[in-house]
1. Hand me the GluC sites (Glu not before Pro) from segment 103-167 located in a DSSP loop with no more than 16 other Cβ atoms within 10 Å, in residue order please.
2. Order these peptides, 69-79, 200-210, 49-59, by their mean beta-carbon neighbour count within 10 angstrom, highest first.
3. Considering only the chain, what is the antiparallel percent among its DSSP beta bridges, to the nearest 5?
4. Please tell me the relative contact order of segment 87-138 in percent, rounded to the nearest whole number, where contacts are Cα pairs under 8 Å and at least six residues apart.
5. What nm value, rounded to one decimal, do you get for the distance between SER209 and ALA52 when each label is placed 7 Å out toward the C-beta?
6. Helix-only mean residue ellipticity at 222 nm, the chain, DSSP H runs n ≥ 4 weighted -39,500 (n - 2.57), per residue, nearest 500. What is it?
7. Amide H of ARG177 versus every other amide H placed in the peptide plane: which residues, excluding those fewer than 5 positions away on the same chain, fall under 5 Å?
8. Pairs of lysine in the chain with Cα under 13 Å and at least 8 positions apart or on different chains: total?
Amino acid sequence: MAGEHHNHGITDARDHLRAHSDLVLPSVDPRSTPGYDGDKESGAADLIAGLAELSEFQERLFAAGQKGAQDSVLLVLQAMDSAGKGGIVRHVVGGVDPQGVELAAFKAPTEEELAHDFLWRVQKRVPRPGFIGVFDRSHYEDVLIGRVRELAEPDELERRYGAIVDFERRLVAQGTRVVKVMLHMSYEEQGERLMERLERPDKHWKFNSADVDERAIWPAYQYAYQEAIQRTSTDEAPWFVVPADRKWYARLAVQAILIETLEDIDPQWPRAEFDVEEQMARLRATM
């Protein structure tokens, strides 16, 4: 059908996963697979197939950016710990040429960063033309933790929601497609993943005792996510809530969203700025 976005496996992923201002987060089943009726095995095969498509789009985007096109993509990943952000970075974004990717993992702010407005450190890391930027955590931490841990007054949180919407609107106006993904995991699944980190010596490095503390205020985080998404999911920079209890589905879904976004941009290979025939003749003369 005309207008439909076809990916391997998920058709119109953005329509299935788009979050609107009336989002009720608890009504989204973290084990569901919207838009996909395959299983884990077919999901893995479709992910590999989609990678070739994503890689070509990324190379075209990069090439066009080298020759003056202003388009770029910013993938914002937000989730509770162990929801699979790292797996998305490795298995979805990690399959394209690393030269064309800019990854920023935002930790707790430094003294210098705290001396500035919360968007200061984020603005420095937005992707340049031709690049796919990935924020592993982002400016949204300032309205999530800020709210849950009461690090910001209600008035300041209000200001931040507005500042985020304005900031993202400016990015889009400059040619950056902003794709915001919340990996939506269940409380039970997180418990199992954290336990696995404790049971396996090769996962101990990933474990953080603070993750267990955060579980005590899980409902507050879910509410903070719901409110942040309701307040900042706009036509210019929509949020997508991706069920993440099945890692294979979450990866396939994010890949499909990125492919559809790049299809919209439709970057073109730059035309040669030289006489191809002439250069061929010169090269032949050296053979």
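1. Here the GluC sites (Glu not before Pro) that fit, given the DSSP loop and packing criteria, are GLU150.
2. 69-79, 49-59, 200-210
3. The answer is about 10 percent antiparallel.
4. Reported relative contact order: 52 percent.
5. Between SER209 and ALA52, the label points sit 5.0 nm apart.
6. -14500 deg cm²/dmol
7. Distant-sequence amide H within range of ARG177: SER72, VAL73, LEU74.
8. 4
The values are calculated or read from the model by the stated rules, or taken from the named source; none is laboratory data. Treat the numbers as computed from the prediction; the structure is a model and nothing was measured. All Cβ positions, even for glycine, are placed from backbone atoms using ideal geometry, and neighbour counts span all protein chains on display. Accessible surface is based on the protein model in full, side chains and every heavy atom, while ligands, DNA and RNA are left aside. Shrake-Rupley method; radii C 1.70, N 1.55, O 1.52, S 1.80 Å.
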